[in-house]
Amino acid sequence: MEKSSLKGRDLLSIADLNAAELAAILATAAQLKAETQQRKPHHLLEGQTLALVFEKPSLRTRLSFDVGMFQLGGRAMYLAPQEVGLGKRETISDVARVISRMCEVIVARVFNHESLVEMAKYSSVPVVNGLSDFEHPCQALADLLTIQEKFGHIAGLKMAYIGDGNNMAHSLMLGAALSGMDITVISPPGYEPNEEVVSQARKLAGGKAAIKAVHNLESGVEGADIIYTDVWASMGQEEEAAERRQIFKPYQVNERLVGLAKPGALVLHCLPAHRGDEITEEVLESPQSWVFQQAENRLHAQKGLLVHLLG
Ligand code: CP
Ligand code: NVA
């Protein structure tokens with residue numbers, strides 16, 4: 001691969017990428033996935049080390065970056081919240097400068113998105129957002145890869161995202177805009193996506209994709225090729241869970257709702273899922289649901305990303 005325009009860059013938002021860069025990551029990811037399935041080794045990051053700095057729990061993000069670095073010939077180090085004490089035991093600026101001296105890339109999962117901005121400011125190596133309260137760009141990369149696999153293309157499709165206008169909704173809106181995919185975020189009043197993100201996504205789409213934030217379920221889901229949902233209470237909002245369960249109840253992804261979308265519409269969920277809340281067991285386990293392929297694609301999409309940032 002020739003030198004990528006992404007070499008040395010941070011990925012705090014999916015909108016840090018332009019449309020061509022996003023497509024290039026997905027193309028590399030697809031190629032690496034094919035090689036992995038053929039058990040062809042691709043030691044493109046021999047001797048490189050990735051630091052995982054996490055303030056919140058994780059299965060997929062931690063596992064996929066760890067396995068991904070191993071498959072690329074490098075290694076990953078997991079630094080748990082109680083070990084690093086980001087901003088508590090040590091300032092974020094000091095943590096970033098120390099890690100930069102020993103590792104080639106940092107993946108951080110933080111409560112406050114500003115912590116990532118601070119880390120990127122002081123790090124001399126790329127900083128990747130492994131989930132913040134504002135965005136989850138690595139998940140959106142895997143989701144777009146999954147959509148591309150299912151439909152053979154992304155532009156021209158329509159996604160209905162149902163639920164909280166949260167970090168996932170933000171990254172999907174921006175990722176859809178960059179990919180020419182229509183997206184309608186359908187949330188209860190008071191839980192809409194951030195207005196600035198909605199207008200940023202509209203600007204990025206440049207008239208090539210419709211970006212909507214609505215409350216009405218039926219009209220929002222109509223004609224959707226993809227139905228996406230996420231938890232009603234994100235990590236850090238546990239104390240609001242009971243109240244949110246009442247408010248979000250009508251927004252459950254169930255068979256009736258899926259029936260309003262295009263026949264055979266793809267069902268996605270970033271996981272972890274709460275069966276019986278945001279999605280029913282029947283829908284999650286139905287053939288229309290590709291949630292485990294989607295989870296696996298975290299591995300392939302992030303390998304594509306790492307090769308571009310470090311290769
Ligand atoms: N989807 C996702 O990011 O999963 P984890 O929280 O388990 O990493
Ligand atoms: N919105 C969820 C995503 C989990 C992968 C959260 O932030 O907890």
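The values are calculated or read from the model by the stated rules, or taken from the named source; none is laboratory data. These numbers were taken from a predicted model, which means no experiment stands behind them. Here the Cβ is made from the backbone with ideal geometry for all residues, glycine too, and neighbour counts use every protein chain on show.
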Task: Filtered residues of region 29-76 (kept if closer than 22 Å to N112 by Cα and at pLDDT below 95) - done: none
Open item on the list: With the structure loaded, tell me whether E46 is without any contact (Cβ under 8 Å) to a residue 40 or more places away in the chain, within 30 Å of G180 (Cα to Cα) and away from ligand 2 (no atom under 16 Å from the Cβ) or whether it fails that test.
Closed with: no
TODO: Identify, by number, the condition in (1) without any contact (Cβ under 8 Å) to a residue 60 or more places away in the chain; (2) surrounded by fewer than 23 Cβ atoms within 10 Å (Cβ to Cβ); (3) closer than 29 Å to P189 by Cα that M173 doesn't meet.
DONE: (2)
Open item on the list: Checking E149 against (1) under 23 Å from V231 (Cα atoms); (2) of a type outside the set (F, W, Y); (3) in a helix (DSSP H, G or I): exactly one of these is not met. Which one?
Closed with: (1)
TODO: Using the structure shown, decide if I92 is over 30 Å from V198 (Cα atoms) and modelled with pLDDT of 95 or more.
DONE: no
TODO: Considering every residue within region 185-197, establish whether at least one is among the aromatic types (F, W, Y), farther than 23 Å from H300 by Cβ and more than 16 Å from ligand 1 (Cβ to nearest atom).
DONE: yes
Task: Sole residue being over 23 Å from A29 (Cβ atoms), away from ligand 2 (no atom under 16 Å from the Cβ) and either of a type in the set (D, E, K, R) or modelled with pLDDT of 95 or more (or both), chosen from L145, L79 - done: L79
TODO: Output the qualifying pairs, or none if there are none: Cβ atoms under 6 angstrom, residues six or more apart or on different chains, first residue in region 187-204 and closer than 21 Å to Y251 by Cα, second residue β-branched (V, I, T) and surrounded by 12 or more Cβ atoms within 10 Å (Cβ to Cβ).
DONE: P188/I247; P193/V185
TODO: Please enumerate the residues belonging to region 220-246 that are surrounded by 14 or more Cβ atoms within 10 Å (Cβ to Cβ) and away from ligand 2 (no atom under 16 Å from the Cβ).
DONE: G220, V221, E222, G223, A224, D225, I226, I227
TODO: Among the candidates A209, A261, A273, single out the residue that is within 16 Å of ligand 1 (Cβ to nearest atom), crowded, with 16+ Cβ neighbours inside 10 Å, part of a loop (DSSP other than H, G, I, E, B) and of a type outside the set (F, W, Y).
DONE: A273
Open item on the list: L266 - would you say it is closer than 22 Å to E149 by Cβ, within 16 Å of ligand 2 (Cβ to nearest atom) and in contact (Cβ under 8 Å) with a residue 40 or more places away in the chain?
Closed with: no
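Let's see how each residue does on (1) away from ligand 1 (no atom under 16 Å from the Cβ); (2) loosely packed, with under 13 Cβ neighbours inside 10 Å; (3) polar (S, T, N, Q); (4) touching a residue at least 60 places away in the same chain (Cβ under 8 Å):
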{"position": "A24", "(1), (2), (3), (4)": "yes, no, no, yes"}
{"position": "T28", "(1), (2), (3), (4)": "yes, no, yes, yes"}
{"position": "E35", "(1), (2), (3), (4)": "yes, no, no, no"}
{"position": "K56", "(1), (2), (3), (4)": "no, no, no, yes"}
{"position": "R60", "(1), (2), (3), (4)": "no, no, no, yes"}
{"position": "M69", "(1), (2), (3), (4)": "no, no, no, yes"}
{"position": "K88", "(1), (2), (3), (4)": "yes, yes, no, no"}
{"position": "D94", "(1), (2), (3), (4)": "yes, yes, no, no"}
{"position": "V107", "(1), (2), (3), (4)": "no, no, no, no"}
Task: Residue that is at pLDDT 95 or above, within 14 Å of ligand 1 (Cβ to nearest atom) and under 22 Å from the mean Cα position of the chain (by Cα), where the choices are Q288, Q293 - done: Q293
